[in-house]
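Chemist: Sharing a structure with you now.
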Amino acid sequence: MRPIDLSKLRPFYMVAREGNMTRAAEKLNVSQPSLSQLINDLEYNLKAKLFDRIPRGMRLTPQGEKLYTHAKEIIEKHEVFEKIFHEVEDELQGDLKIIIMPYIGTDWLIPNIRNFLNKYPQISLQIILSDNEIQDIGEHDIAICPLIPHQPQLIQEPLFTVSIRLFASESYLKKFGIPQKPEELSNHRLIVYRENYHNPYENWLLNIGNDITNKPRKAYIQIYSLHGMINCALNGLGIIEAPDLTNILNLGLKEVLPNMPRPQVPLYFIYDKSRKNSKKIIHLYNYLLKIGK
């Protein structure tokens, strides 16, 4: 049996985590051909097929799943140790890498973070907007997202809860009418982030008021940006669903079906238990907690 080359574990882990060779190469800052060759070499040395090559990416084989579990444990422990080793716990300085849901990052965190950075100028932030469900914090210091289940090594502190509301412009409602009940949304132009997008409320706008035997409504526009959705609504193109963050509520859009029960999405400030003494993490949490939504 040949030993596993530890230097190849991180590239393998990144490809497995991303499920895509190109994205993994970008994150590792290497070329896609060189990363592909490295994975081929690893498979050759282990005498095992680790991935199935599928049309849009890479899928782990059973042997690959086994190696991924091992690699994930080693790499995440190493990353946590590196952060602890280099971090000066008594000083508020250094980098903080935050992974966060897109609309919370752009429409809540970024508009509210300036005072924190002014107060602690030696802290640098890296903000990663994740379209995918956040299942662990990986190489990041902090995740801001819904609760991550089955992760006992994480501290998950509540931040706030957003409600999902429906909005449209006055001009759109004047032209197409105001829905009086959820079933009437089927007669309207609906704008969503994208159909079948994984989110905590599963494209509520396309399903609310539908009988369980009915298929979801067809979106009029799909756009991969909350700002894009908001601009569509402001320009009278249709009805959107959006979180009730203060800056969105102040845009002048009209709420549609305001008395209807809304999905609630609790958000948490999440970090590894080994970082519980990190003053910059604790200070950031306390700062964001006071801001609320």
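Chemist: In deg cm²/dmol and to the nearest 500, what is the mean residue ellipticity at 222 nm of the chain if only DSSP H runs of at least 4 residues count, each as -39500 (n - 2.57), divided by the residue total?
Modeler: Here the helix-only value at 222 nm equals -10000 deg cm²/dmol.
Chemist: Note down the nm distance, to one decimal, between modelled labels 7 Å out along Cα→Cβ at Lys218 and at Asp41.
Modeler: 5.1
Chemist: Students often get this wrong, so check it: of Lys97/Lys218; Lys97/Lys290; Lys174/Lys290; Lys27/Lys273; Lys254/Lys290; Lys8/Lys280, which have C-alpha atoms separated by over 30 Å?
Modeler: Distance filter (> 30 Å) returns Lys97/Lys218; Lys174/Lys290; Lys8/Lys280.
Chemist: When the solvent-accessible surface of protein heavy atoms is calculated with a 1.4 angstrom probe, in what order do Arg262, Arg59, Arg275, Arg114 fall, highest first?
Modeler: Accessible-area ranking of Arg262, Arg59, Arg275, Arg114, largest first: Arg114, Arg59, Arg262, Arg275.
Chemist: Using Cα pairs under 8 angstrom and six or more residues apart, how large is the relative contact order of the chain, in percent?
Modeler: 21
Chemist: Between Gln32 and Ser186, what is the label-point separation in nm under the 7 Å Cα-to-beta-carbon projection?
Modeler: Placing both labels 7 Å beyond Cα along the Cβ direction yields 4.3 nm.
Chemist: A further question on this structure: Quick one: Cα centre-to-centre distance for the stretch 126-188 and the stretch 214-234, in angstrom?
Modeler: What the calculation gives is 14 Å, centre to centre.
Chemist: Charges on Cβ only, +1 for Lys and Arg, -1 for Asp and Glu, centred on the Cα centroid of the chain; of Gly238, Gly19, Thr61, which one is farthest towards the dipole's positive end?
Modeler: Projecting each Cα onto the dipole axis, the largest value belongs to Gly238.
Chemist: Same structure again: If I stretch the segment between Ser171 and Thr22 completely, what's the gain in nm (0.36 nm per residue apart, minus their alpha carbon distance), one decimal? Don't skip to the answer; put the middle values down first.
Modeler: Working: separation 149, 0.36 × 149 = 53.64 nm, distance 4.35 nm.
49.3 nm is the gain from fully extending Ser171 to Thr22.
Chemist: How would Met229, Met58 line up by accessible area, probe 1.4 Å, largest first?
Modeler: Sorted by accessible area, descending: Met58, Met229.
Chemist: Now for a separate question. Calculated FRET efficiency, Ile155 and Asp5, Cβ-Cβ r, R0 22 Å, to nearest 0.05?
Modeler: That pair, Ile155 with Asp5, gives E of 0.05.
Chemist: Please calculate how many Å² of accessible area the chain carries per residue, with a 1.4 Å probe and no DNA, RNA or ligand atoms counted.
Modeler: On the way: 15990 Å² over 293 residues.
I get 55 Å² per residue for this part.
Chemist: In nm, to one decimal, how far is the Gln93 label point from the Asn231 one, both placed 7 Å along Cα→Cβ?
Modeler: Inter-label distance under the simple model: 4.1 nm.
Chemist: With +1 on each Lys and Arg Cβ and -1 on each Asp and Glu Cβ, and nothing else charged, work out how big the dipole of the chain is about its Cα centre, in Debye to the nearest 20.
Modeler: 480
Chemist: Let me ask something else. Can you say what percent of the DSSP beta bridges in the chain, counting only those with both residues inside, are antiparallel? Round to 5.
Modeler: In the chain, approximately 60 percent of DSSP beta bridges are antiparallel ones.
Chemist: Between Thr69 and Lys49, what length in nm is gained on full extension when 0.36 nm per residue of separation is reduced by their alpha carbon distance? Spell out each step's value before the answer.
Modeler: On the way: separation 20, 0.36 × 20 = 7.20 nm, distance 1.56 nm.
Here the segment from Thr69 to Lys49 would lengthen by 5.6 nm.
Chemist: Then there's this: Put Leu6, Leu249 in order of accessible area, largest first, 1.4 Å probe: what do you get?
Modeler: Output order, biggest surface exposure first: Leu6, Leu249.
Chemist: Multiply the residue separation of Gln126 and Ser163 by 0.36 nm, subtract the distance between their alpha-carbon atoms, and state the gained length in nm to one decimal.
Modeler: Taking 0.36 nm per residue and subtracting the Cα distance, the gain is 10.6 nm.
The values are calculated or read from the model by the stated rules, or taken from the named source; none is laboratory data. Note that the structure is a prediction, hence the values are computed from the model and not measured. As a convention, Cβ positions derive from the backbone with ideal geometry for all residues, glycine included, and neighbour counts pool all protein chains shown. Ligands, DNA and RNA are stripped out before the accessible areas are found, and what is left, the full protein with its side chains, is counted by its heavy atoms. Shrake-Rupley method; radii C 1.70, N 1.55, O 1.52, S 1.80 Å.
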